[in-house]
Amino acid sequence: MDRVRELIVVYRRALVVGFHALLWTTALVLAVLLRFEFEIPGAYRIILPKLLAISLVVRTIVHWRLGLFHGLWRYSGSRDLRLLILGATVSSLSYAAVWAFMQSATFPRSIFVLDWAFSILIVGGMRFLIRTIREVTIQNALPSDGAPRRRLLVIGAGDAGEMLMREIVRIYGRRYQPLGFLDDNPSKHGEQIHGVAVLGPIERVNALAETEKIDEIILAIPSLRGREMRRIVEMCRPVGAQIRTLPGVDNLIDGRVTVTQLAEVNIEDLLGREPVVLDTDELAKFLKGRVSLVTGAGGSIGSELCRQVCRFGPRRLVLVEQAENSLFHIERALRAEYPDVELVPCIADICDTKRIDAVFQAEKPQVVFHAAAHKHVPLMEANPGEAIKNNVFGTRKLADIADRHAVEKFVMVSTDKAVNPTSVMGVSKRVAEIYVQSLSQRSRTQFVTVRFGNVLGSAGSVVPLFREQIARGGPVTVTHPEMQRYFMTIPEACQLVMQAGAMGGGGEIFVLDMGEPVKVVDLARDLIRLSGLEPDQDIEIKFTGMRPGEKLFEEIAVDEEHVEKTKHPKIYVGRFRPQTLGEVERGLVELHRLSSGLDTASIKRAFKRLVPEYAAKIDDVVTCSPAPREPVESDERASRPSAEIILAN
């Protein structure tokens, strides 16, 4: 048997051509028999083999050119049917023309028409018969543990719902029992899709779920975003059924919908961030075939920047990371996902001038993405000297080295906490912005800053910490009931950082469109509900009070920056008069002197002199202490509490 399988694999193409020839012979013979009412005259019986030979040669050539011998019949679809009709039409006309040109004895024209029709019916029928046999076999082979089929309700009777139901009916019939669709389009009510009725508007979900004992509700509307998604989920939640959804339209492969793409509704779905549209031509000019450097390679933002850069075919991507485990994991992931990209992993600290200078000397990066920083607000309040060393002087050393090595573009990732800062972390990032801006005045390197808010799901951010607290049974701790933050997804943030970097000409602070601010307590409630629990009933929400350095509302720009629109709808640019490098250097001297001490009040005063809008309580001194157990508010862009570097192209 194994020998037979090997022969079939080796001679598969020849067997496919031979089987088609058999089907075409059957089609032509049936056409002749039908035309002569199954009594073929002797004269036609003599010349029939000649017509058959011409037909087989022409059909084989045409079908080979159309690639119809290369497909797997068990996956035949509408495209294959269109090609079969095209192949049958072209080959029928061609061999009829050849027959007429040879001036042989004539055949009734109806024979050519019947042969064309039979060839489509027989060849196409055989292909779809094999596909049907496969689908029935799969359905019968699905595990049957005696459990009843899950009763299913699909919300959305559009294209996605149709494709999903088609696959369920064809393949997953033993697993699901579709009860119907719900859709707000009145013209679809009462109609059927693949034998499943559209039962009415979405608002009927509660009544139907109760009467029909629904086990699972699928949201088959890939374009669903934010408020509308939240509205539908809120209607479905009291039902008690499992709620799953399809990925957004930007994540569907070639627009196709499959059961395997179904996923639980997550917090990103409820926040409803719109897909980012990139200027891929501009990004390709910026990154393709070039050497790039990204600091914080193993962090949430840094690692995603690496992935996004790899999409554009860099000549070399240098990963600089202070934490060896993080560097190991991102390098391994990138090598698996982008095997053709040259990667250079470097363990380095941005505060180590000699090491970073050696990396620049060896790799000669043309583009630098600076994503390394200390990010945790309460920790930096308790350790302000470390914020100075890493966020301020780490950035300064990196920028100076980039200037010295004539890097073409330096993109610094900043934070909305740098706007009218109230925390040490925020003001340290603002000082770093000021230095980069002042250096851009005299440097050949184009220094660009990109500022945005929190990203969902990054290490140490509120979302994974809330989930951890929910898993422990609560309470979920929130500092203040009115606390609001801007949120975006990690891929969205990184894509816009790259786009802003490509757009910048030097000296700009770009501000990303963060959408509407979200109350942190609402985020906590959504996460509790998505876990199948009820806030304040199953899981307590506990308000712990604002911590030093926090503020209720974040801002993305100050009035003096004159934020203006750019050609990208989600990117704005702020232009203002930067301080001279000499002014900044004088302020940095005092910060450097204080960075290794514990005089927090003096550090805050020094920051205040450099950043007058810094709204610090000078007497509010926080001592070094263990990190709080409640969720730590953080600037989600950085990778670790220690300095990290990535080189990206």
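All of the numbers you see were taken from the coordinates with simple rules; none came from a lab. Because the structure is predicted, anything quoted here is derived from the model rather than measured. We place every Cβ from the backbone using ideal geometry, glycine too, and count neighbours over all the protein chains shown.
Note on Arg150 and Leu83: their simple-model spin labels are 3.4 nm apart, each label 7 Å out from Cα toward Cβ.
What the Cα atoms of the range 362-477 give is an Rg and a Dmax of 16.6, 56 Å. In a fully extended conformation the segment linking Ala117 and Arg166 would gain 14.9 nm over its present Cα-Cα distance, using 0.36 nm per residue.
The calculated FRET efficiency for the pair Leu66 and Thr26, based on their C-beta separation and a Förster distance of 30 Å, comes to about 0.90.
Which order, highest average first, do 198-211, 374-387 follow once you tally other Cβ atoms within 10 Å for each residue and take the mean per peptide? Don't jump to the answer; show the numbers that get you there.
Numbers: 198-211: 16.1, 374-387: 24.4.
By packing density, highest mean first, the sequence is 374-387, 198-211.
Working from label points 7 Å from Cα in the Cα-to-Cβ sense, the Glu337 to Val16 distance is 3.4 nm.
Modelled label-to-label distance, Gln242 and Glu408, 7 Å Cα→beta-carbon offset: nm? Here the modelled spin labels are 5.0 nm apart.
Quick check on the exposure proxy: order Leu28, Leu114 from fewest to most C-beta atoms within 10 angstrom. Can you show the working numbers first?
Working: Leu28 22, Leu114 19.
Final ranking by Cβ density, sparse to dense: Leu114, Leu28.
So, R0 is 51 Å and r is the distance between the beta-carbons of Asp400 and Leu552; what FRET efficiency does that work out to, to 0.05? Could the numbers behind the result be given before it?
Details: r = 37 Å, r/R0 = 0.72.
In this case the efficiency is close to 0.90.
Considering the zone a paramagnetic label at Lys567 would reach in this model (a point 7 Å from Cα along the Cα-to-Cβ line), which residues of the range 474-515 have amide N under 20 Å from it? Under 20 Å, as judged by backbone N against the label point of Lys567, lie 495-513 of the range 474-515. Once the C-beta distance of Gln579 and Glu203 is scaled by a Förster radius of 60 Å, the resulting FRET efficiency is 0.55 to the nearest 0.05.
Peptides 388-400, 285-297 ranked from most to least packed, by the mean per-residue count of other Cβ atoms within 10 Å: 285-297, 388-400.
Compared with the direct C-alpha span, the chain from Ala43 to Ser223 gains 58.3 nm at full extension, assuming 0.36 nm per residue. The protection proxy used here, the mean number of other Cβ atoms lying within 10 Å of each residue, ranks peptides 426-438, 30-42, 175-187 as follows, highest first: 426-438, 175-187, 30-42.
How much length is gained if the chain between Thr544 and His189 is pulled fully straight, taking 0.36 nm per residue apart and subtracting their Cα-Cα distance, in nm to one decimal?
Details: separation 355, 0.36 × 355 = 127.80 nm, distance 5.03 nm.
Length gained, Thr544 through His189: 122.8 nm.
Sorted ascending by nearby beta carbons within 10 Å, beginning with the fewest, Phe447, Phe369 become Phe447, Phe369.
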